[in-house]
Amino acid sequence: MSNRASDPLLVFGPRSPTYDFGPAHPLTPRRFGPGIDLLRAIGAEPGLAPEPAGDGDLLLSHTAEYIAAVRRLSVDPLGPPQAGIGPGGDNPSFAGMHEAGAMVAGGSMRAMEAILRGDVEHAFHPGGGLHHAMPARASGFCIYDDPALAIAVARKAGLRVLYVDLDVHHGDGVQAIHSSDPGVMTISFHESGRYLFPGSGFANELGEGEAAGTSINIPFEPFAGEDAWLPWVRAIPATLAAAFRPDVIVSQHGCDSHAWDPLAHLQVTTTAMGEAARLVDRIAHRHADGRWLATGGGGYDAYRVVPRAWAQVWLAGAHRDAPRETPVAWRERWAAEAARYGQAPLPETFDDPPHAGMLLDERSHDADNASSMRAAVIATVVSPALLREAASRGWWQPLGDRTDQPSVELAQGEPSIVGDLTLELLERLALAARTIPPADPAEGRAIIRAALADSGAMPATVIAAVDGATIVGIAMAAPRSHGHGEALVALGVAPDYRRQGLASRLLETLIRRVGGELEAVITVAERDPIAPLDRSLRASIARRMLERAGFEITSPPALAAIDPAAISAWRPARRD
Ligand SMILES: [Zn+2]
Ligand SMILES: [Zn+2]
């Protein structure tokens, strides 16, 4: 079978198996045997053979000193251990390790370039995903950080990048390398660092300064399974992609989250991994013109799990469902080798049964519950209030159809405040970019329309600042879903109209219209993703404005445990 033009570019070549820490190491190149064989069986042919990246490439994410250290140990593997590399550890030195690590990096970087040139929409590099490597040290079987380097290629081209990491281990290297860049958002789903390497990836690692809110971590308790994992993989990246406006998606599909993996303790299945990959594909098409680089990653059940997980990723990019059964010839070819390594028999289906056939006991049930409750709090902190409310009130779906709006014409005059925006008036108006989330103003306008059209018991109140035929400021409140009073769900002003007191005027008008109690929750998610202010400046502007408008400010304990600058604001009913 040969590749169709629209199939994902498969990155694999003769050098791929040379990334080899030796026969006793868990990250074994033996996985390429059954893995590439199964990919070929479903119609995937390798189309890009990785070659070593040059120093100029590696310097995008690594220090010259570190590259020199790897080169020394590559020539003299018995030399003194340094930079996280040495005998007996996770990253034992081996002859040719510089070339092997640089080859993995080169594969992901050249694949990214092919995507940026428009040669292909999607590429999949199963040997990539070495997400633990740091700027100046090797870590967790990773020498050079190929996902971080592929992201750096896209950044050099001026593009915004959303990185989704599904490996059971925290994507710490990619996060660290890009954590101060507001143009890169990293989202990592993993087993909690309390129990698993690398011991990081806690919810409060949100990024710093202008980039605060662009490092997202969703840790799971040991023994949690797909019932906890998949709903948040569905919800969080799609919502954040709408707010962030990525130009390209990079994802890491480590399959060590699988129930049978020997190194970790989550209970995810190939079925859930397939759905996760298809979800990333949809995000790429909806928000990034289809530009998507997928990598492999961890995965230590090299026969029963890795090949099927890789097949799921490639099939997602090829827009094909997984066949029901794995080929008999593939099973027969690899049965003996799988048995030799205690990973037999080879599964007869691409998808797994629920929980991969393992018992859903009280321990995993409790782990699912605890993980889901924490993920819900994290989602509250990292998602803009308008998108959370719009999704829960049925005004918006994160991966819904694209909409259109009238063209934006800014008169650059003094905007006027429209105290009750109606559907009729909205039909004649456009929404200026970056006034409110989501990043696409047509999508923001569709949310306003749905909020105004909400015929249920909870109609929204919308105040607009209008310049010519364009909305350049919005304040929106809606009745709280539980409790009484109303919630402030949006307050924003387009870039050219900021620093003129417009937000305060919108808020005052909203308070007069609502009359009753008003509550607001402001977290790190409330920012302009294209030109975010420093985190502490953002928080102090919000606090000052709310205080001046008569709100009492408190710190919400559950949210503040993740985002210390989060505020909860409450305003009593007006008395006049
Ligand atoms: Zn891993
Ligand atoms: Zn696609």
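Measure nothing but the geometry: give the 0 to 90° angle between the long axis through the Cα atoms of 32-41 and the longest principal axis through the Cα atoms of the chain, rounded to 10°.
That works out to roughly 70 degrees.
In degrees between 0 and 90, to the nearest 10, how far off the longest principal axis of the chain does helix 226-244 point, with axes built from Cα atoms?
The helix 226-244 is inclined about 60 degrees to the chain.
Would you mind ranking 303, 163, 341 by Cβ crowding within 10 Å, fewest neighbours first?
By the 10 Å Cβ count, ascending, the order reads 341, 303, 163.
Report Rg (one decimal) and Dmax (nearest whole number) for region 213-368, counting Cα atoms only, units Å.
16.1, 50
Under a plain spin-label model, where a point goes 7 Å from the Cα along Cα-to-Cβ, how far apart in nm are residue 536 and residue 552?
Computed distance between label sites residue 536 and residue 552 equals 2.8 nm.
May I ask you to derive the FRET efficiency for residue 544 and residue 399 from their Cβ-Cβ distance with R0 = 35 Å, giving the value to the nearest 0.05?
The formula returns an efficiency of 0.45 here.
From a point 7 Å beyond the Cα of residue 194 in the direction of its Cβ, which residues of region 252-278 have a backbone N at a distance under 16 Å?
It comes to 265-266, nothing else.
In the chain, what percentage of the DSSP-assigned beta bridges are antiparallel, given to the nearest 5?
About 45 percent, rounded to the nearest 5.
What does the charge dipole of the chain about its Cα centre add up to, to the nearest 20 debye, if the Cβ of each Lys and Arg holds +1 and the Cβ of each Asp and Glu holds -1?
Value, rounded to 20: 760 debye.
I need the calculated FRET efficiency for the pair residue 320 and residue 348, taking r as the beta carbon distance and R₀ as 25 Å, to the nearest 0.05.
My answer for the efficiency is 0.85.
Calculated from DSSP H runs of 4 or more alone, at -39500 (n - 2.57) each and per residue, what is the 222 nm mean residue ellipticity of the chain, nearest 500?
The helix-only estimate for the chain comes to -11000 deg cm²/dmol at 222 nm.
Please give the Cα centre distance for region 125-185 versus region 434-481, rounded to the nearest Å.
36 Å
Return one number: the angle in degrees, 0 to 90 and rounded to the nearest 10, between the long axis of the Cα atoms of helix 502-514 and the longest principal axis of the Cα atoms of the chain.
Long axis of 502-514 versus the principal axis of the chain: about 70 degrees.
Among 492-502, 101-111, 266-276, 25-35, how do they line up by average Cβ neighbours within 10 Å per residue, starting with the highest?
My ranking of the peptides, most packed first, is 101-111, 266-276, 25-35, 492-502.
Using the basic label-point model (7 angstrom from Cα toward the beta carbon), what is the residue 422 to residue 469 distance in nanometres?
1.9 nm
Quick one: if you stick a label point 7 Å off each Cα along the C-beta vector at residue 376 and residue 512, how many nm between them?
My value for the distance between the label points is 3.9 nm.
Arrange the following residues from fewest to most other Cβ atoms within 10 Å of their Cβ: 537, 130, 315.
Exposure proxy ranking, most exposed first: 537, 315, 130.
Report the dimensions of the chain along its three principal axes from the alpha-carbon atoms, largest first, rounded to Å.
81, 49, 45
To two decimal places, what compactness ratio does region 360-417 give when its Cα radius of gyration is scaled by 2.2 N^0.38 Å?
Here the Cα radius of gyration is 1.93 times the empirical estimate.
Rounded to the nearest 0.05, what FRET efficiency do residue 410 and residue 455 give with R0 = 30 Å and r taken as the Cβ-Cβ distance? Could you check?
Computed FRET efficiency for residue 410 and residue 455: 0.40.
Tell me, 310, 292 in order of fewest to most beta-carbon neighbours within 10 Å?
292, 310
Each reported figure results from applying straightforward, stated rules to the coordinates on display, with no laboratory input. The structure displayed is predicted, hence computed values, not measured ones. All Cβ positions, glycine included, derive from the backbone under ideal geometry; neighbour counts span all protein chains shown.
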